[in-house]
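Participant: Before we start, here is the structure in question, set down as structure tokens.
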Amino acid sequence: MIPRDTIDSIFTAARIEEVVGDFVNLKKRGVNYLGLCPFHHEKTPSFTVSPAKGIYKCFGCGKGGNAVNFVMDHEQMDYVNALKYLARKYNIEIQEEERTEQQKELETERESLMIVSAFAQRFYTSQLFTEQGSAIGLSYLEERGFTRETIEKFQLGYAPENYKALLQTALKDGYSLKFLLLSGLVRSSAAQGDDGKEAAEPTAEQCSDRFAGRVMFPIHNVSGRVIAFGGRTLRKDKNVAKYVNSPETPIYHKSNVFYGLHLARKAIVAEDSCFLVEGYADVISMHQSGVENTVASSGTSLTIEQVRLIRRYTPNLTILYDGDSAGIKAAERGFNIALKEGMNVKIVTLPPEDDPDTFARKHSTAELKEYITTKAADFIVFKTRELAHAATNDPIKKAELIKEIITTIAAIPERTKRGVYVKECSRIMNMEELILWGELDLARRKMFDEPIPAAALPKAAPAQPAVSYSLLSSVPQEMEILRVLIKYANETGEFINEGETGEEQAKYQMGIADYIIESITGDYFGFEDDTCKRIFDECCEMHKKGTPVSEDYFLKHPDAAISKLAVGLIVDGHFISDWSRKSIGIKSERDDLGKTAMKAIYGFKSRKIEVMIKELDEYIRNPINEAELTERMTRKQKLNKAKSMLKNKLTRVI
Ligand SMILES: [Zn+2]
């Protein structure tokens, strides 16, 4: 844990133009700096750095953030390591908070496990070149077409037939039995005590190697250190497991490790896409064929931790599967997780006789690249087609498949994206969009317990669940509210009394933060975008405690999603005002802050009402029965009235 004070001094010391300047050639332009964006390919510079605000923003690809965000994105570091990087650059000593004895012990244990794993890797690799090893192990790898360079790069090896080979060498070289056992490289045949700990430590005689007579694939962590192994048998015997893997250890949790990620990382960022295959050999063949942005989830179906790990490098995930649909079915849960995390998921189906390994070996790099780019199909569209085809004339089957597809779509966090898929699926399946929307609504409520929007609901709950969907989004209005809030929170504006039309307009003074927070929390309208909501909630919390809400606080927020959104919120106005000071819009905004805040609030509420009216319209077009229809017509009337009232107020403000 880095103490808050140290984080603050890092932020204060880190000059954005210097941090970025280490990687980008920056030219001074007025008060800002300009350069070629390191995150996308461009010929004319649109990457702007503002020393005054301590932020950067690319007007080409939209990337932006503070100094820490830049290091995180550019150097693919996590938050803590990015802070450490900057601390080193600016000679700031990090006094990490006191670690407990237990923490220290844990660290030594992890380090010892890494050391013993690295030793085992060197041992297995050296065994490839013994008489037995080269006859069995090396010849197998060469048969698969792996070059010496590839074998070296992936640190492949061979575990000899002798079940004491590693154990004896390790002990002779001074490695402790304790860590050999803990790493799972060695197993004990000694009887376990009832409570494990009480049992006497097994002796070396009671132990043997886990891996014997197998080709060894070391598994690395992101920084390239060996943390586990997978071993493939070369026997044809059906009773021998084809693959044996290391057990879970303090350094190896298979649910958050990708095979090959340490070698794929750079390519994933450069290509802004990641290929996912099933096996170790698939990864190696793809890399050898020049498609280096490839990883495998080693035996497990995708987990949420793995998805988040990839998400740090790219939002684009393409899955390469062999033609049989069993593999796809098994991986489905993983796809849904990836969609839920907001990733774009594509799928490439290989010819039925191939897997990624055989396919990569049969084709040239150019052919392989061509195939995977042209055949990549959007996963949801792919699945819809597949299922629609399977259930052509069977209504019950069709109903089931709709549920299945809808469940998949429901996992997608962005509403607009869900809308696109609903359209596409309704087209492929030749089905009313409205029906799909209804199903989607149910599925989402089941999934997230999404509440029915409280506003505008009559007191008596309707028999049919009200729809909470819309193709309209209120996110732009949400961002505008936050922009005004974090920029002007501590200032005061002049407001017009919100009386009925015709009444005399009373004017009054009020704090901008007071006005916005009261207006939003006083109504039932919620934020649609999760990051917007979190920023707003934090503002409310700070306001309640009397802490001033500031741009700076959000620009330096430890949550990268928040700091980046904050940059987006303030940056456009900031850079524009630098570039064209003539701009009347921006000048007059500060002149009448009350007006600015009221416009933001009315705009948001109008949009929310518009969304509700649109939802009702869809019901009214397809009424379920007479009573419902009447009830909804009445509700629509009320909403229309509210809408025109807001419009009036807005006109009065402007
Ligand atoms: Zn860019």
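Laboratory data are not the source of any read-out in this text; all were calculated from the coordinates shown. Since the model is a prediction, treat every value here as computed from it, not as a measurement. All Cβ positions, even for glycine, are placed from backbone atoms using ideal geometry, and neighbour counts span all protein chains on display.
Participant: Tell me, what ³J(HN,Hα) does each residue in segment 482-496 have, in order and in whole Hz, if you take phi through Karplus 6.51 cos²θ - 1.76 cosθ + 1.60 with θ = phi - 60° and put x for Gly and Pro?
Facilitator: My calculation for segment 482-496 gives 5, 4, 5, 5, 6, 7, 10, 3, 8, 9, 10, x, 9, 10, 9 Hz in order.
Participant: Count the lysine pairs in segment 256-375 whose Cα atoms sit under 21 Å apart, keeping only pairs 8 or more residues apart in sequence or on different chains.
Facilitator: 8
Participant: So which of LYS89/LYS564; LYS423/LYS641; LYS43/LYS89; LYS487/LYS608; LYS533/LYS556; LYS446/LYS636 end up more than 25 Å apart by C-alpha?
Facilitator: Distance filter (> 25 Å) returns LYS423/LYS641; LYS43/LYS89; LYS446/LYS636.
Participant: While we're looking at this one, here's another question. Taking N as the number of residues in segment 259-301, what is its alpha-carbon radius of gyration divided by 2.2 N^0.38 Å?
Facilitator: 1.01
Participant: Let me ask something else. Once both axes come from the Cα atoms, what is the angle between helix 512-521 and the longest principal axis of the chain, in degrees from 0 to 90, rounded to 10?
Facilitator: That works out to roughly 80 degrees.
Participant: When a footprinting reagent is the concern and you count Cβ atoms within 10 Å, what order do MET633, MET77, MET612 take, fewest first?
Facilitator: The fewest-first ordering by Cβ neighbours comes to MET633, MET77, MET612.
Participant: Right, another one. Report the semi-axes of the equivalent ellipsoid for segment 100-217 in whole Å, largest first, where each axis is √(5λ) for an eigenvalue λ of the Cα gyration tensor.
Facilitator: Details: eigenvalues 183, 63, 23 Å².
Those come to 30, 18, 11 Å.
Participant: So, one more: Against the longest alpha carbon principal axis of the chain, how many degrees, from 0 to 90 and to the nearest 10, is the axis of helix 593-621 turned?
Facilitator: 80
Participant: Another question, then. Divide, for segment 211-279, the radius of gyration over alpha carbons by 2.2 N^0.38 Å, where N is the residue count.
Facilitator: For segment 211-279, the normalised Cα radius of gyration comes out at 1.28.
Participant: So what's the back-of-envelope 222 nm ellipticity for the chain, counting only DSSP H runs of four-plus at -39500 (n - 2.57) apiece and dividing by all residues, rounded to 500?
Facilitator: Values: 27 runs with 339 residues, N = 654.
Here the helix-only value at 222 nm equals -16500 deg cm²/dmol.
Participant: What ³J(HN,Hα) values, in whole Hz, does the Karplus curve 6.51 cos²θ - 1.76 cosθ + 1.60 give for segment 545-554 when θ = phi - 60°, with x put for Gly and Pro?
Facilitator: For segment 545-554, the Karplus curve yields 7, x, 7, x, 7, 9, 3, 4, 4, 7 Hz.
Participant: Moving on to the next point. Kirkwood hydrodynamic radius, computed over distinct alpha-carbon pairs, for the chain: how many Å, to one decimal?
Facilitator: Evaluated over the chain, this radius sits at 29.2 Å.
Participant: Around SER46, which amide H atoms from residues at least 5 apart in sequence, or from another chain, sit under 5 Å from its own amide H, with H modelled in the peptide plane?
Facilitator: Here GLY35, CYS37 satisfy the definition.
Participant: Quick check on segment 4-89: what are the equivalent-ellipsoid semi-axes from the Cα gyration tensor, as sqrt(5λ), descending, whole Å? Display every interim value, and only then the final one.
Facilitator: Values: eigenvalues 97, 40, 19 Å².
Value: 22, 14, 10 Å, ordered largest first.
Participant: I'd like the Kirkwood hydrodynamic radius of segment 159-283, using the inverse of the mean 1/r over distinct C-alpha pairs, in Å.
Facilitator: Computed over segment 159-283, the radius equals 16.5 Å.
Participant: Another question, if that's okay. For segment 385-448, what number results from the quotient of the Cα radius of gyration and 2.2 N^0.38 Å?
Facilitator: It is 1.05.
Participant: Measure nothing but the geometry: give the 0 to 90° angle between the long axis through the Cα atoms of 379-390 and the longest principal axis through the Cα atoms of the chain, rounded to 10°.
Facilitator: 80
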